[in-house]
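Heads up, the thing below is written out as structure tokens.
Laboratory data are not the source of any read-out in this text; all were calculated from the coordinates shown. Being a predicted model, the structure only gives us computed values, none of them experimental. As a convention, Cβ positions derive from the backbone with ideal geometry for all residues, glycine included, and neighbour counts pool all protein chains shown.
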Amino acid sequence: MTRTLPLTPLGRKWTLSIHLIFVGLWFGAAIAMVLLIALRPPSFESAESLVVHCNCVKIIDDYMIIASAGGSLVTGLFLSWKTKWGFFQWYWIVFKIAATVGMVCFGALFLGPWINKTAEVAAKLGLQAFDSPAYQSANSKALIFGVLQIGLLATVIVISVFKPWGRLSKRPSV
């Protein structure tokens, strides 16, 4: 079995920098999206205004969150693979990987479709979307679970800094 070469110190710094940029973009975009949902006006002057609002939330999800969450996951896995930290040597890294994969999957399977549903219903029903159970349900779920995602992402960030748990295995790192 061939062993891959670890990153050089400079390569690790560049990869970590790119990883942190992705994490920051993901965190900021998630906050922006949740704020747009939470601070939505109780009424709009026109159906077009509601559609634009829903499409703004959708654009943040489609272009910022998907890209930055994916970039964060890929660079995080790359760092685990190419540095001494590894994938399964430290409890805090196992938690970070599991939480990130969970957030990406939950976003793809649930949050994204809920956000798409609000935009779809708003485009179809206009201002009557506010009376639609499909719109209300999708919007509420996107808000509640969006806040929970932000909380979990913040937890992952804090764990990255404090590295609170010890080694998973007692074998020496190579």
What distance in nm separates the simple spin-label points at Leu127 and Val158, each placed 7 Å from Cα in the Cβ direction?
-> 4.4 nm
When the Cα centres of the stretch 136-169 and the stretch 81-103 are compared, how far apart do they sit, in Å?
-> 15 Å
From the coordinates shown, semi-axes √(5λ) of the Cα gyration tensor in Å corresponds to which of (1) 28, 22, 14; (2) 23, 19, 16; (3) 39, 15, 12 = (3)
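Please compare each pair in Lys13/Lys163; Lys82/Lys163; Lys58/Lys84; Lys96/Lys117 to a cut-off of 27 Å on the Cα-Cα distance and tell me which ones are over it.
Beyond 27 Å between Cα atoms: Lys58/Lys84; Lys96/Lys117.
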Give the residue from Val57, Met103, Ser160 lying farthest towards the positive end of the charge dipole for the stretch 9-162; charges sit on Cβ (+1 for Lys and Arg, -1 for Asp and Glu) and the dipole is referred to the Cα centre.
-> Ser160
For Trp90, list long-range residues whose amide hydrogen, built 1.01 Å from N in the peptide plane, is under 5 Å from its own amide hydrogen.
-> Leu168
As a check on your grasp of the helix formula, calculate [θ] at 222 nm for the chain: sum -39500 (n - 2.57) over DSSP H runs of n ≥ 4, divide by the residue count, round to the nearest 500.
-> -23500 deg cm²/dmol
Scoring the chain by relative contact order with C-alpha pairs under 8 Å, at least six apart, yields a percentage of 30 percent
What angle do you read, to the nearest 10 degrees and between 0 and 90, between the alpha-carbon axis of helix 91-106 and the longest principal axis of the chain?
-> 30 degrees
Sticking with the crude label model, points 7 Å out along Cα→Cβ, report the distance from Glu48 to Leu16 in nm, one decimal please.
-> 5.1 nm
Can you check what the net charge comes to around Ser140, using other residues whose Cβ is under 13 Å from the Cβ of Ser140 (Lys, Arg +1; Asp, Glu -1)?
-> +3
Using the Cβ atoms and a cut-off under 13 Å, what net charge is assigned to the surroundings of Val156, where Lys and Arg are +1 and Asp and Glu are -1?
-> +2
Going residue by residue through the stretch 5-13, the Karplus relation 6.51 cos²θ - 1.76 cosθ + 1.60 with θ = phi - 60° gives ³J(HN,Hα) values, rounded to whole Hz and with x marking Gly or Pro, of 6, x, 5, 6, x, 5, x, 5, 5
List the residues whose amide H sits under 5 Å from the amide H of Arg40, counting only those 5 or more places along or on another chain, with H placed 1.01 Å from N in the peptide plane.
-> none
Dipole size in debye (nearest 20) for the stretch 9-162 around its Cα centre, Lys and Arg Cβ +1, Asp and Glu Cβ -1?
-> 720 debye
Quick one: Karplus J couplings for the stretch 44-49, per residue in order, coefficients 6.51, -1.76, 1.60, θ = phi - 60°, nearest Hz, x for Gly and Pro?
-> 10, 6, 8, 4, 4, 5
